[in-house]
């Protein structure tokens, strides 16, 4: 496999159904760890929801490659990641100023989820490859989805950087939030640039790298927030 990788730089092997299943198990374990390790509060529960939605996407990828119900699991997979940018921005606002953009993100995300689940004419391209899962809605909705998704991811990053530049409190938590965001965005961008064949599988690849975000949230951001809340 190493020879094949080095011989063909246009090929990117990062996905198998087993990898997706293992990622789901790890993310589920992280969510349960947070629930049992820390007290119940809105920040912890929001983090658990984010990690569980990431895990749900991984499970949907596994089912897309191992079952015949492609329509159901395609819709579950697409819907499970739709609210993540809004949820991420909401999480950031625990360390920054509150923003009306969080509400806008939730409204936008819920509308897209409703379209994914309840619009019968919506076709989602779901194909399992040896590299990634292709999971894309029709072109028109795909453009809206990308605009919303990328837009709110970068709004979150901007909010973190702006707060780091203008305040001294919550510095460590904000740094780790930034690291968490960049841990899946930067590798996805690099893969997108270097491997043209992966461009249809960006949601799959991005959510695969997002396991790093889940780890950062569970072992850096959550402990820092809960330690601060005890003071």
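Contact map, the range 19-43: first residue over 20 Å from residue 56 (Cβ atoms), second residue assigned to a helix (DSSP H, G or I), Cβ cut-off under 6 Å, separation 6 or more or different chains; pairs are 38/44; 38/226; 43/225. Within the range 66-83, the set of residues being touching a residue at least 40 places away in the same chain (Cβ under 8 Å) and buried (at least 21 other Cβ atoms within 10 Å of the Cβ) comprises 73, 74, 75, 77, 78, 81, 82. Restricting attention to the range 160-181 and to residues that are free of Cβ contacts under 8 Å to residues at least 12 places away in the same chain and either part of a helix (DSSP H, G or I) or touching a strand residue (DSSP E or B) at 6+ places or on another chain (Cβ under 8 Å) (or both), the residue that is farthest from residue 203 (Cα to Cα) turns out to be 166.
Listed here are the residues, each with its yes/no results for (1) part of a helix (DSSP H, G or I); (2) at pLDDT below 95; (3) surrounded by 12 or more Cβ atoms within 10 Å (Cβ to Cβ).
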site	(1), (2), (3)
9	no, yes, no
19	yes, yes, yes
31	yes, no, yes
34	yes, no, yes
50	yes, no, yes
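All told, residue 229 meets the bar of being out of contact with any helix residue (DSSP H, G or I) (no Cβ under 7 Å at 6 or more places or on another chain) and modelled with pLDDT under 80. Do we find that residue 223 is surrounded by 14 or more Cβ atoms within 10 Å (Cβ to Cβ) and within 17 Å of the chain's Cα centre (by Cα) in this structure? In short, no. When the range 83-134 is filtered for residues that are modelled with pLDDT under 85, assigned to a loop (DSSP other than H, G, I, E, B) and within 19 Å of the chain's Cα centre (by Cα), the ones remaining, listed by number, are 124, 131, 132.
The values are calculated or read from the model by the stated rules, or taken from the named source; none is laboratory data. Just so you know, these numbers come straight off a predicted model, no measurement behind them. Here Cβ is always computed from backbone atoms with ideal geometry, including for glycine, and neighbour counts include all displayed protein chains.
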